[in-house]
Amino acid sequence: MKRAFKYRFYPTDAQAAELSRTFGCVRKVYNLALAARTEAWALRQERVNYNATSAMLTAWKKTEELAYLGEASSVPLQQALRHLQTAFTHFFARRAGYPRFKSRKKSRKSAEYTTSAFRFRAGELTLAKMTEPLEIVWSRPLPKGASPSTVTVSQDSAGRWHVSLLCEDPTVGPLAPTDAAVGVDAGLDHLLTLSTGEKISNPRHERRDRTRLARAQRHLARKAPGEGANRAKARRKVARIHARVADRRRDTLHKITTRLVRENQTIVIEDLTVRNLLKNGKLARAISDAAWSEFRSLLEYKAQWYGREVIAVDRWFPSSKLCSVCGTLRDKLPLHVRTWTCDCGTTHDRDVNAARNILAAGLAVSACGAGVRPQRSTPGGQSATKQEPPRREP
């Protein structure tokens, strides 16, 4: 199983300048190729694929206006064209929207190097067009004997440099099977409630830094628009606070999902439409901070790694209003009602009852495929979504 290992590194001034130049060339090539493909289809109904854009890249380098593209390593530029081809493939398969142009200010700064464009020896990584290895902080060891097949260098909005090494990891494989299964109900008062009755508290990472963030944003707003050094410094300060919040949130979700995958064979979750939930102006900030979509993504790929099963219950399944003991369905259950008593005499905690119903519905799908309709495929899990026919590629 291939796995990416991400590390911080601290480039020299020369390395930072070379990487920044490469990021700009990658963005330029991607935008030129996207414009060429879009124009060819719109004007001439002509199909342009990766091979055609690769030939265009060779021609662009020979022009006076774009001669600077030849100063950067050719591998990241070719990889940008491959990424564009992948973006179009996902678009025509209805898995994503139409590819967008990369912005100098908003798009992620990154460059991907394959084996022909870097050297990895004795724990030292040297990229093409560089004479010195990168000063990487090895916060955790690579797998024994691992040799990276792809290296991705990036810089985030907070100015931090990262390098991601894609390696074969022999430690990733199916875990010993178990009979344990758990239902998971996502919430705001508690981040997650399990069908076992356990409640995982919501750390509310964004709220902890809200005052510092507001102060930094006000400081940024007072700076004159433009490319001034003071404004750039204030912008990085805001970005560092956002990065701090995101790092803490990601760390929490990684620990929770790893534990759930290791302890349970089957994990049942709700298929929440977070995009629609964010339209609630009163709860949008709290929902964003909970990061339910990221939780699901982490859970799915880890389940695929370790041979577990993730089942998504349909978003309209009345998990909270359904009695998990007798099956009675209440007509209404306002959000502020946290406990309720069924006609059978059972008093339910709203979230625990929902988690138990989610588990029961998910196990029904696992057994006979009835009762729920997951809205998207889950790696290693169940999917009953009807697939739409792919779009015809130009």
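Numbers at a glance
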| item | result |
| --- | --- |
| Residue match in region 132-142 (condition: outside any loop (DSSP other than H, G, I, E, B), in contact with a Leu (Cβ under 9 Å, 6 or more places away or on another chain) and either on the phi < 0 side of the Ramachandran plot or crowded, with 17+ Cβ neighbours inside 10 Å (or both)) | yes |
| From Val337, Val352, residue being assigned to a helix (DSSP H, G or I) and over 30 Å from Lys2 (Cα atoms) | Val352 |
| Residue selected from region 64-91 under the condition in contact with a Leu (Cβ under 9 Å, 6 or more places away or on another chain) and part of a loop (DSSP other than H, G, I, E, B), by the criterion nearest to Ala14 (Cα to Cα) | Ser73 |
| Among the residues listed as Arg94, Arg108, the single one being in contact (Cβ under 8 Å) with a residue 12 or more places away in the chain and either of a type in the set (Val, Ile, Thr) or more than 15 Å from Ser154 (Cα to Cα) (or both) | Arg94 |
| Some residue of region 222-245 being within 30 Å of Leu322 (Cβ to Cβ), out of contact with any Gly (no Cβ under 9 Å at 6 or more places or on another chain) and not β-branched (Val, Ile, Thr) | no |
| Test: residue in region 97-104 that is in contact (Cβ under 8 Å) with a residue 60 or more places away in the chain and either in a strand (DSSP E or B) or surrounded by 14 or more Cβ atoms within 10 Å (Cβ to Cβ) (or both) | yes |
| Count of region 304-316 residues which are surrounded by fewer than 24 Cβ atoms within 10 Å (Cβ to Cβ) and touching a residue at least 12 places away in the same chain (Cβ under 8 Å) | 7 |
| Index of the failed condition, Arg94 passing every other in (1) surrounded by 14 or more Cβ atoms within 10 Å (Cβ to Cβ); (2) outside any helix (DSSP H, G or I) | (1) |
| Among the residues listed as Ser157, Ser164, Ser107, the single one being of a type in the set (Ser, Thr, Tyr) and either at pLDDT 95 or above or out of contact with any helix residue (DSSP H, G or I) (no Cβ under 7 Å at 6 or more places or on another chain) (or both) | Ser164 |
| Residue count, region 186-202 (criterion: crowded, with 16+ Cβ neighbours inside 10 Å and over 22 Å from Phe317 (Cα atoms)) | 2 |
| Elements of type helices (runs of 4 or more DSSP H) contained in region 268-320, each with 2 or more residues being of a type in the set (Phe, Trp, Tyr) and at pLDDT 90 or above | 292-306 |
| Test: Lys237 is basic (Lys, Arg) and touching a Ser or Thr at 6+ places or on another chain (Cβ under 8 Å) | no |
| Check on Glu112, of a type in the set (D, E, K, R) and closer than 23 Å to Met1 by Cβ | yes |
| Glu124 surrounded by fewer than 17 Cβ atoms within 10 Å (Cβ to Cβ), among the acidic types (Asp, Glu) and touching a residue at least 60 places away in the same chain (Cβ under 8 Å) | no |
| Test: residue in region 61-80 that is over 30 Å from Glu132 (Cβ atoms), small (Gly, Ala, Ser) and surrounded by 12 or more Cβ atoms within 10 Å (Cβ to Cβ) | no |
| Qualifying residue in region 360-381 (condition: touching a Phe, Trp or Tyr at 6+ places or on another chain (Cβ under 8 Å), part of a helix (DSSP H, G or I) and at pLDDT 85 or above) | yes |
| Region 32-59: number of residues that are hydrophobic (A, V, I, L, M, F, W, C), surrounded by 13 or more Cβ atoms within 10 Å (Cβ to Cβ) and out of contact with any Asp or Glu (no Cβ under 8 Å at 6 or more places or on another chain) | 9 |
| Single residue of Gly145, Gly183 found to be over 27 Å from Leu77 (Cβ atoms) and either among the hydrophobic types (A, V, I, L, M, F, W, C) or surrounded by 17 or more Cβ atoms within 10 Å (Cβ to Cβ) (or both) | Gly183 |
| Test result for Arg244, farther than 23 Å from Thr196 by Cβ, surrounded by 15 or more Cβ atoms within 10 Å (Cβ to Cβ), in contact with a Pro (Cβ under 8 Å, 6 or more places away or on another chain) and not hydroxyl-bearing (Ser, Thr, Tyr) | no |
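The values are calculated or read from the model by the stated rules, or taken from the named source; none is laboratory data. For clarity, every value in this text was computed on a predicted model and none was experimentally measured. When we count neighbours, we look across all protein chains shown, and the Cβ atoms used for this are built from the backbone with ideal geometry, even at glycine.
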